[in-house]
Amino acid sequence: MTVRFSSSAPPGRAGARRAAVRTAVAGRTAVLAVAGLVLVLVVLVIVRLPWVGDLGMHAATVQRLRHSPLDPGNPLVDADTPSPYYSPWMLLLGVVARIPGLPVFVVLRLAAVAGLALLVTGVWRYVRTLSAHRAAPALALLSLLLLWGTTPFLWSGFPGLHSLALTVSYPSTFALGLAFHFWAWLTWALRRGAGWAVWLGLGALWGVILLCHQFSGVVATMGAVATVLAAGRAGRAVGSRIGAGVVVGAVVLWVWPYYDFFALFGAAGGGLDAVHRGLYGHPVARFGLVLLGVAALVPRARRDRRDPLVVFFVLGALVVAAGWLSGHYSWGRALPAVVIPAQLAVALEVVGAGRRWPRAGWAVLLAGALLIGGWAQAGALGYVVPRGALPAVVEDRCRVPWTGYHWITPWVRYGDVVMAEGRAARQIPAYGPYTVAPGYPDFFLPDEERRVAVTEAYFGERTPPAVRRETEREYGVRWVVDRTGGLEDDGLRVVARGPEGEALYAVP
C-alpha cells in the first residue's frame with residue numbers, strides 16, 4: 001500500500017488563513033464603502049455650494065477675470081491694483097466663465113469638482129508610494145477627513161470634512177490636491193532616477209502651487225523637503241537636478257504678471273498675524289484626535305529616522321511652534337504640515353507589515369477615533385439634508401449658510417459701486433459690483449485704511465448728510481445697502497428690500 005502525503009497545510013491552519021483573507025477583504029470593502037459615502041456627501045454639498053466664509057472673494061475674482069482676463073484690477077474695489085487671488089487656477093476659471101450662459105457660481109461648482117478629484121487622486125497616488133496595501137489610500141483619506149478633534153475647525157487649507165464642505169471650491173483645495181500629486185511625483189523621481197525634464201516639470205508645478213494658494217504652497221514645500229531628506233543618498237545624487245527645479249519654480253513665481261509673489265513676504269505681521277491668531281486657540285478640541293497619529297509616528301521613527309512622514313511632521317511642528325513663540329501667528333497656516341503626516345501615519349500602521357495583534361490594536365483605536373471625529377463633523381450633513389429632518393443635536397452643529405445678494409442684481413449692474421459694510425461687503429462683489437471698502441484684508445490696496453474709515457463714518461448715526469454726499473462723489477457710489485433704515489431721511493430712495501431686512505438705496 002502506498003501512502004501519499006499532502007503538501008498542503010493542515011486543515012486547521014488553512015481554514016484560519018482563509019478566514020483571515022475573508023476578514024481582510026471585508027475590512028477593505030468596508031473602508032472603501034465608508035470613504036465612498038463620505039465623498040458622495042461632499043459631492044452633494046457641491047451641488048448646494050453653501051456660502052459661509054470666503055466664497056464671495058473667489059466669485060468676485062472669477063468675475064473680474066471673466067470680464068477682463070488681461071487687466072482685471074482689484075477684485076473687490078474699483079481700483080487698478082494687483083491681487084494674490086489672481087492665480088493660474090483662477091485665471092483658468094475666469095476663461096471658462098467667459099463661455100456664454102455659464103454663471104460664475106456654476107464655474108465655482110466645476111472648480112469644486114476638479115479640486116475634490118485632485119485631492120482624492122493625489123492622496124491615492126501619494127499613499128501608494130508609502131504602502132502597497134489596497135485599503136491604505138481609502139483609510140488615509142478617511143483619516144484626513146475625520147481625524148481632527150471634537151470641535152470642527154473651519155479654515156481653508158484644512159481638509160476636515162466640515163471644513164472641506166465649505167471650502168471645496170476654494171483655490172486652497174485645488175492647491176492641496178496638487179501638493180499630494182507633487183509629493184507622489186517627487187517620490188517617484190527620486191526612486192527611479194528621473195531625467196532633467198521631470199525635475200524641471202516638478203519645479204514648475206511647485207511654483208504653480210505657490211501661486212494658487214500661498215499657504216498650501218508652504219505646506220507643499222515642507223512635504224517636498226521631507227521627501228528629499230528622507231531619500232538620503234538618492235536625494236544627494238540628483239542635487240543638481242533638484243536645484244534646477246527650484247530655479248524653474250522661482251522663475252515661474254517671478255514672471256507671473258498678475259501680482260508680485262515676493263512682495264507677499266512684506267505682508268507678514270500686523271493685520272495678517274491678528275487674523276491668524278485664532279489658529280492657536282483650543283488645540284485639544286480642534287486637533288485632539290490627531291494625537292493618535294502622533295503616537296503612530298513613534299514606531300515609524302524607530303524603524304527609520306528618515307521616514308518622510310516623520311521628517312514632514314517635525315518640519316511642520318518647528319514652523320508652527322516658531323510662529324507661536326515669535327508672535328507670527330500667520331505661520332500657523334503650516335498646521336496641515338503637522339496634521340497630515342500624523343493622519344497618514346496612523347492609517348498606514350493599521351495596514352502595515354508586522355505582527356497581527358499590534359495592527360489590530362491600531363485598527364480598533366483608529367476606528368474609535370474616526371467615529372468620534374465623524375460625529376464631531378456631522379454638522380456637514382445639514383448642507384444636504386433639510387434641517388428639520390436632522391436630529392436637533394446634529395442640526396445645532398451645522399452653520400446656517402448665508403443668504404446671497406442676488407436680490408440686488410435687477411438694479412445693480414456689473415462695475416457699479418455699492419456702499420456696504422460687514423457681510424454685505426464680503427458678498428456683493430461676487431455678483432460683479434464693487435464696494436468702497438474691501439470685505440477682506442488687501443495688502444496691495446494702498447488706501448485700504450482710509451476706505452475702511454470712510455465706510456465706518458458713512459454709516460455713523462451722527463454723520464452729516466453733506467459728508468455722505470462727498471463720500472458718494474469721491475468713490476462714485478451709486479447704491480447703498482443698509483439694514484438700519486435710517487438713510488431714508490437722508491435723501492436716499494429705497495428701490496428693493498432683501499430677505500433679511502436690508503434695503504437697497506439709490507443714490508441721487
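Per-residue answers, yes or no, for (1) open to solvent by 30 Å² or more (accessible area, probe 1.4 Å); (2) in a loop (DSSP other than H, G, I, E, B); (3) touching a residue at least 40 places away in the same chain (Cβ under 8 Å):
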| residue | (1), (2), (3) |
| --- | --- |
| 388 | yes, no, no |
| 394 | no, no, no |
| 399 | yes, yes, yes |
| 402 | yes, yes, yes |
| 412 | no, yes, yes |
| 415 | no, yes, yes |
| 418 | no, no, yes |
| 421 | yes, yes, no |
| 426 | yes, no, yes |
Tell me, please, whether a residue that is in a loop (DSSP other than H, G, I, E, B), at pLDDT below 95 and touching a helix residue (DSSP H, G or I) at 6+ places or on another chain (Cβ under 6 Å) can be found in region 359-366.
no
Looking at residue 351 and the list (1) under 26 Å from the mean Cα position of the chain (by Cα); (2) open to solvent by less than 30 Å² (accessible area, probe 1.4 Å); (3) among the hydrophobic types (A, V, I, L, M, F, W, C); (4) closer than 30 Å to residue 311 by Cβ, which single condition is not satisfied?
(1)
Considering only residues that are in a strand (DSSP E or B) and open to solvent by less than 20 Å² (accessible area, probe 1.4 Å), which ones fall in region 465-508?
477, 480, 481, 482, 496, 503, 504, 505, 506
From 110, 92, residue being part of a helix (DSSP H, G or I), closer than 20 Å to residue 257 by Cβ and of a type outside the set (Asp, Glu)
92
Out of 173, 187, I need the residue that is surrounded by fewer than 24 Cβ atoms within 10 Å (Cβ to Cβ) and part of a helix (DSSP H, G or I). Which one?
187
Determine the pairs where a residue that is closer than 10 Å to residue 229 by Cβ and modelled with pLDDT under 95, located within region 301-321, has a partner that is part of a helix (DSSP H, G or I) and open to solvent by 50 Å² or more (accessible area, probe 1.4 Å) with Cβ atoms under 8 Å apart, the partner being 6 or more residues away or on another chain.
306/229
With respect to residue 77, is the statement that it is assigned to a loop (DSSP other than H, G, I, E, B) and touching a strand residue (DSSP E or B) at 6+ places or on another chain (Cβ under 8 Å) true?
yes
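Results for (1) acidic (Asp, Glu); (2) more than 23 Å from residue 370 (Cα to Cα); (3) open to solvent by 40 Å² or more (accessible area, probe 1.4 Å); (4) in a helix (DSSP H, G or I), shown as yes or no for each residue.
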{"site": "278", "(1), (2), (3), (4)": "no, yes, no, yes"}
{"site": "291", "(1), (2), (3), (4)": "no, no, yes, yes"}
{"site": "295", "(1), (2), (3), (4)": "no, no, yes, yes"}
{"site": "309", "(1), (2), (3), (4)": "no, no, no, yes"}
{"site": "312", "(1), (2), (3), (4)": "no, no, no, yes"}
{"site": "319", "(1), (2), (3), (4)": "no, yes, yes, yes"}
Can you tell me which condition residue 382 does not meet? The list is (1) open to solvent by less than 10 Å² (accessible area, probe 1.4 Å); (2) over 24 Å from the mean Cα position of the chain (by Cα); (3) over 24 Å from residue 84 (Cβ atoms); (4) free of Cβ contacts under 8 Å to residues at least 60 places away in the same chain, and all the others hold.
(2)
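Take residue 460 and tell me if it is small (Gly, Ala, Ser), closer than 18 Å to residue 61 by Cα and open to solvent by less than 30 Å² (accessible area, probe 1.4 Å).
No, not satisfied.
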Which residue out of 244, 231, 250, 237 is out of contact with any strand residue (DSSP E or B) (no Cβ under 7 Å at 6 or more places or on another chain) and buried (at least 17 other Cβ atoms within 10 Å of the Cβ)?
231
For the list (1) outside any helix (DSSP H, G or I); (2) farther than 21 Å from residue 338 by Cβ; (3) open to solvent by 20 Å² or more (accessible area, probe 1.4 Å), I need the number of the one condition that residue 194 fails.
(3)
Among the residues of region 128-143, is any crowded, with 22+ Cβ neighbours inside 10 Å, within 18 Å of residue 342 (Cβ to Cβ) and in contact with a His (Cβ under 9 Å, 6 or more places away or on another chain)?
yes
If residue 454 satisfies every condition in (1) of a type outside the set (Ser, Thr, Tyr); (2) surrounded by 16 or more Cβ atoms within 10 Å (Cβ to Cβ); (3) out of contact with any strand residue (DSSP E or B) (no Cβ under 6 Å at 6 or more places or on another chain); (4) in contact (Cβ under 8 Å) with a residue 40 or more places away in the chain but one, which is the exception?
(4)
Has region 163-177 got any residue that is touching a helix residue (DSSP H, G or I) at 6+ places or on another chain (Cβ under 6 Å) and either without any contact (Cβ under 8 Å) to a residue 40 or more places away in the chain or acidic (Asp, Glu) (or both)?
no
When region 68-116 is examined, which residues are found to be open to solvent by 50 Å² or more (accessible area, probe 1.4 Å) and of a type in the set (Gly, Ala, Ser)?
101
So, in region 441-451, of the ones that are outside any helix (DSSP H, G or I) and not hydrophobic (A, V, I, L, M, F, W, C), which residue ends up least open to solvent (accessible area, probe 1.4 Å)?
442
Would you confirm whether or not region 469-484 contains a residue that is in contact (Cβ under 8 Å) with a residue 60 or more places away in the chain and within 25 Å of residue 164 (Cβ to Cβ)?
no
Identify all residues within region 47-67 that are within 16 Å of the chain's Cα centre (by Cα), at pLDDT 95 or above and open to solvent by 10 Å² or more (accessible area, probe 1.4 Å); write none if there are none.
58
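Would it be correct to say that residue 449 is under 30 Å from residue 330 (Cβ atoms) and either β-branched (Val, Ile, Thr) or out of contact with any helix residue (DSSP H, G or I) (no Cβ under 9 Å at 6 or more places or on another chain) (or both)?
yes
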Look through 59, 97, 79 and report the one residue that is among the small types (Gly, Ala, Ser) and under 21 Å from residue 446 (Cα atoms).
79
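The values are calculated or read from the model by the stated rules, or taken from the named source; none is laboratory data. Please read these numbers as outputs of a predicted model, since none were measured by experiment. In this analysis, Cβ positions are derived from the backbone assuming ideal geometry, glycine residues included, and neighbour counts consider all displayed protein chains. Only protein heavy atoms, including side chains, enter the accessible area calculation; ligands, DNA and RNA are left aside. Shrake-Rupley method; radii C 1.70, N 1.55, O 1.52, S 1.80 Å.
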